[in-house]
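These notes concern the structure reproduced below.
The values are calculated or read from the model by the stated rules, or taken from the named source; none is laboratory data. Keep in mind that this is a model prediction, so the values were computed, not measured. Methodologically, a virtual Cβ is constructed for each residue, glycine included, from the backbone with ideal geometry; neighbour enumeration extends over all protein chains shown.
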Amino acid sequence: MNFFKRLFKIGQAEAHSALDKLEDPIKLTEQGIRDLKQDLNKSLQAVAEVKALAIRAKNDVETYSEKAKDYERKAMLLLQKAQKGELDVAEAERLATEALARKEEQTVLLNQSQSNKENFEGKVEQLNKNVATIKSNISKWENELKTLKARVKVSEATKKLNKQMSNIDSTGTVSMLEKMKDKVAQEEALAESYGEIANESKSLDDDIEAAIGDSSQTKAASDLEALKAKMGLNNPE
């Protein structure tokens, strides 16, 4: 029998260990807070019920006290009537005795109610302490939950960033940048080469034109001489 108990406890421990690894601590904390709030509601209900009993016991104390005083007053009144001759002495004493017996009954009930009142008031005080403790724990757990959620967000963001950083191939990136630099340098050199070729071609054309001279200016000069000859404006030799 003890062997099976031990085996069951071992199974429980392993199950709890598995749950600790699998379950989300935030969800566990939230469930714990919900459980505490349920306990708080039950405690508040218990406080209300015990307070009601304490109030009833207090009212009973007042009621039984008044009744006991009333029976004592009636017994005294009966004896006074007998003394004055208004009532038969034997009858007065019989009724007074009954009144005092009733007073005693009320006194017993009064003492019981007083004891119940003190007992209930003590329980109310204890329950109020329990309520205060539960409220304090709820407040503490809610603050811890806020901190836990914030820490989880930070850790998840950090983990994501670190994962992204770990996936970056620094060697490949540097190699790619170097290739890009080489390609840009090659394009720049090619552009400069084309520029030099264009300048060389332009200079050659200029040299040819300079050697030939400006044909349009030569023709204009010839036309001018012809016009002057026609007009007889040529200078005499």
Exercise for review: Residue by residue through the range 89-109, note down the ones that are in contact with a Phe, Trp or Tyr (Cβ under 8 Å, 6 or more places away or on another chain) and farther than 12 Å from ASP70 by Cα.
Suggested key: LEU109
Study note, to complete from the structure: Within the range 37-74, the residues that are under 30 Å from LEU148 (Cβ atoms) and surrounded by fewer than 17 Cβ atoms within 10 Å (Cβ to Cβ) are LYS37, GLN38, ASP39, ASN41, LYS42, LEU44
Exercise for review: Restrict the check to the range 147-168 and report whether at least one residue is within 25 Å of ILE55 (Cα to Cα), among the polar types (S, T, N, Q) and assigned by TED's automatic domain parsing to the domain that holds LEU40.
Suggested key: no
Check your understanding: So which of ALA90, ALA101, ALA46 is small (Gly, Ala, Ser) and touching a residue at least 12 places away in the same chain (Cβ under 8 Å)?
Key -> ALA46
Check your understanding: Going through the range 113-137 one residue at a time, which ones are touching a helix residue (DSSP H, G or I) at 6+ places or on another chain (Cβ under 6 Å) and either among the charged types (D, E, K, R) or farther than 24 Å from ARG34 by Cβ (or both)?
Key -> SER113, GLN114, ASN116, LYS117, PHE120, GLU121, LYS123, VAL124
Revision key, fill the gap. Restricting the range 104-147 to residues that are among the aliphatic types (A, V, I, L, M) and surrounded by fewer than 15 Cβ atoms within 10 Å (Cβ to Cβ), the one nearest to VAL47 (Cα to Cα) turns out to be ALA132
Check your understanding: Being assigned to a helix (DSSP H, G or I), of a type in the set (Phe, Trp, Tyr) and modelled with pLDDT of 90 or more, is that true of even one residue in the range 8-16?
Key -> no
